[in-house]
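Trainee: My questions will all concern the structure given below.
The values are calculated or read from the model by the stated rules, or taken from the named source; none is laboratory data. Keep in mind it's a predicted model, so treat the numbers as computed, not measured. All Cβ positions, even for glycine, are placed from backbone atoms using ideal geometry, and neighbour counts span all protein chains on display.
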Amino acid sequence: MADAPTLAGVHHLKLPVRDIERARGWYESRPGYELLIEFVEEGRLMGVAMLHPRGGPGLALRLDPERAEAAAGFDYFAIGVPGRAALDDLADRLAGMGESHAGVHSATIGWILPGLHDPDGHEVRFYTVEQHTDQSGPTAVHDPRERELWQRPG
């Protein structure tokens with residue numbers, strides 16, 4: 001679309017958390033984020049902004065226990081990883097730290113590492129930028145469970 005505005009990717013992701021320090025420690029130790037800014041309101045730490053030293057999107061954590069509870073289990077985003085080898089390395093790193101996840105799988109156009117959950121229960125997914133499928137236009141993805149229903153006899 002020629003008249004679409006110019007954008008520059010995702011500036012940062014923001015998640016509600018129940019405990020800032022616990023969430024910060026997890027994002028520092030697991031995917032390797034580093035603290036950039038602390039947001040203190042009325043003497044209380046209410047949020048942090050974090051950067052990733054090797055290319056991940058900016059990440060903000062905001063103290064909001066009710067929203068964190070409501071958002072538990074949902075995968076708001078997938079963090080990009082260069083390719084399959086880097087994703088395999090990340091899966092091994094996380095497993096070595098005692099983090100359970102669903103392992104590396106082939107997905108629609110790349111590879112995905114799903115099933116990892118932060119301390120608040122948000123699902124944190126990693127998806128490769130490298131593709132195994134030519135994505136030359138829009139793709140429709142049909143739930144394979146639905147195909148099983150279509151194939152059932154009358």
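Trainee: Out of 73, 32, 56, 83, report the one residue that is touching a residue at least 12 places away in the same chain (Cβ under 8 Å) and in contact with a His (Cβ under 7 Å, 6 or more places away or on another chain).
Mentor: 32
Trainee: Still on this model: Where in the range 28-93 are there strands (runs of 3 or more DSSP E), lying wholly inside it, with at least 2 residues that are of a type in the set (A, V, I, L, M, F, W, C) and more than 13 Å from the chain's Cα centre (by Cα)?
Mentor: 34-41, 44-51, 58-63
Trainee: State which residue is modelled with the highest pLDDT when the search covers only the range 126-150 and only residues that are outside any loop (DSSP other than H, G, I, E, B) and surrounded by fewer than 18 Cβ atoms within 10 Å (Cβ to Cβ).
Mentor: Looking at residues that are outside any loop (DSSP other than H, G, I, E, B) and surrounded by fewer than 18 Cβ atoms within 10 Å (Cβ to Cβ), I get 144.
Trainee: Residue check, residue 100 against (1) assigned to a loop (DSSP other than H, G, I, E, B); (2) free of Cβ contacts under 8 Å to residues at least 12 places away in the same chain, all met but one. Which one?
Mentor: It is condition (2) that residue 100 fails.
Trainee: For residues that are surrounded by 15 or more Cβ atoms within 10 Å (Cβ to Cβ) and of a type in the set (Gly, Ala, Ser), tally how many sit in the range 26-71.
Mentor: Qualifying residue count for the region: 7.
Trainee: Tell me yes or no: at least one residue of the range 95-105 is at pLDDT below 95 and out of contact with any Gly (no Cβ under 8 Å at 6 or more places or on another chain).
Mentor: Within the range 95-105 (the criterion being at pLDDT below 95 and out of contact with any Gly (no Cβ under 8 Å at 6 or more places or on another chain)), the answer is yes, since at least one residue qualifies.
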